[in-house]
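Notes follow once the structure below has been shown.
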Amino acid sequence: MAYEWIIDALDETWSSLERLMRAQPDAAYQRSTSCPGWSVQDVISHLAGFELLLRGDAPPAHQAPWPDYVRNPIGELNEAFVEYFRALSGPEVLALFRQTAGDSLTRLRALDDDSWERVGWSPEGERPYHRFMETRVLDSWIHLQDVRDALLEPADDHGSGEEIVINRFEAALPYVVGKKMNAPEGLVLRLNLSGRLARSVVIGVTQGRAVVWGQDAPPVNLEITTPVALFWRRAAGRISAEAFLAASATQVRGNVGVARAFAEALSIMI
């Protein structure tokens, strides 16, 4: 199967979350996460709810005004499931998640190659199905880290989910620099990431477009060095631009104001 690596990444990520929560006391489900308004239970409810949505279940009815942190139609879909499942206990939500995740993996393993290539709806707009499911890995993996952080049990995660997340955020850098940051002509930014998935990426703005430079890159005039873990946390909006730049492990060489503009633009998750 052409996209078995996506299924494996989802299986690995979802299984890690289920194992983490299996031995937790009921009180752990009510810990606050970095997602505004959401507890650990709410994060798990969101993951289960989205899989129910993908299998064709309608979102629960919602009558009250949306909370302030719900800002788009995708947020409304997510919040409808989260609010509905607050009537359940934490272990009940975990059992629901276990079942829906297993059902989703079975469904994905039964897809043929044409189904993976078919273009259709996704939170990012019309995309091939494999791109949509790759986004499910990104969302699930980030939420796994949200739960780990809330439980004060952060862990090094060297699986395929982490690789997909870092690769996706790296691929978005031209958009960050060229569109969100609206960087000035002539900027040549080198971003050095340290850690297991270490890499160095050079993005330059030339003729009004942000491009990735290879060996022939012009002289760099802004260099930011930071760990992979801080990079994805800022890209996912889990830490502020100020925290990203002020971290002792982050180093900036060049215009601090431009570096700040990059850090502000780097938050790109919906």
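Summary table
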| quantity | calculated |
| --- | --- |
| Criterion (of a type in the set (A, V, I, L, M, F, W, C), touching a Phe, Trp or Tyr at 6+ places or on another chain (Cβ under 6 Å) and closer than 24 Å to THR33 by Cα) met by exactly one of ALA229, ALA265, ALA246, ALA235 | ALA235 |
| Qualifying residue in the stretch 95-110 (condition: surrounded by 19 or more Cβ atoms within 10 Å (Cβ to Cβ), farther than 21 Å from PRO59 by Cβ and in the same structural domain as THR33 (by TED's automatic domain parsing)) | yes |
| Filter pass, SER160 being surrounded by 16 or more Cβ atoms within 10 Å (Cβ to Cβ), modelled with pLDDT under 95, under 18 Å from the mean Cα position of the chain (by Cα) and not assigned by TED's automatic domain parsing to the domain that holds ALA236 | yes |
| Single match in ALA261, ALA243, ALA249, ALA236 (criterion: touching a strand residue (DSSP E or B) at 6+ places or on another chain (Cβ under 6 Å) and modelled with pLDDT of 95 or more) | ALA249 |
| LEU47 vs. criteria closer than 22 Å to SER104 by Cβ and in contact with a Phe, Trp or Tyr (Cβ under 7 Å, 6 or more places away or on another chain) | yes |
| Residue among LEU111, LEU88, LEU144 that is aliphatic (A, V, I, L, M) and touching a helix residue (DSSP H, G or I) at 6+ places or on another chain (Cβ under 6 Å) | LEU144 |
| Residue count for the stretch 101-120, restricted to those that are within 13 Å of GLU4 (Cβ to Cβ) and not acidic (Asp, Glu) | 6 |
| Any hit, the stretch 165-174, residues being on the phi > 0 side of the Ramachandran plot and either among the aliphatic types (A, V, I, L, M) or out of contact with any strand residue (DSSP E or B) (no Cβ under 8 Å at 6 or more places or on another chain) (or both) | no |
| Residues that are among the charged types (D, E, K, R), surrounded by 13 or more Cβ atoms within 10 Å (Cβ to Cβ) and either in contact with a Pro (Cβ under 7 Å, 6 or more places away or on another chain) or modelled with pLDDT under 95 (or both), drawn from the stretch 119-148 | ARG148 |
| Count of the stretch 250-265 residues which are surrounded by fewer than 20 Cβ atoms within 10 Å (Cβ to Cβ) and either assigned to a strand (DSSP E or B) or of a type in the set (Phe, Trp, Tyr) (or both) | 4 |
| Count of the stretch 234-248 residues which are within 18 Å of the chain's Cα centre (by Cα) and surrounded by fewer than 22 Cβ atoms within 10 Å (Cβ to Cβ) | 5 |
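The values are calculated or read from the model by the stated rules, or taken from the named source; none is laboratory data. Nothing here was measured: the structure is a model prediction, and the numbers come from that model. Ideal geometry is used to build each Cβ from the backbone, glycine not excepted, and the neighbour counts take in all protein chains shown.
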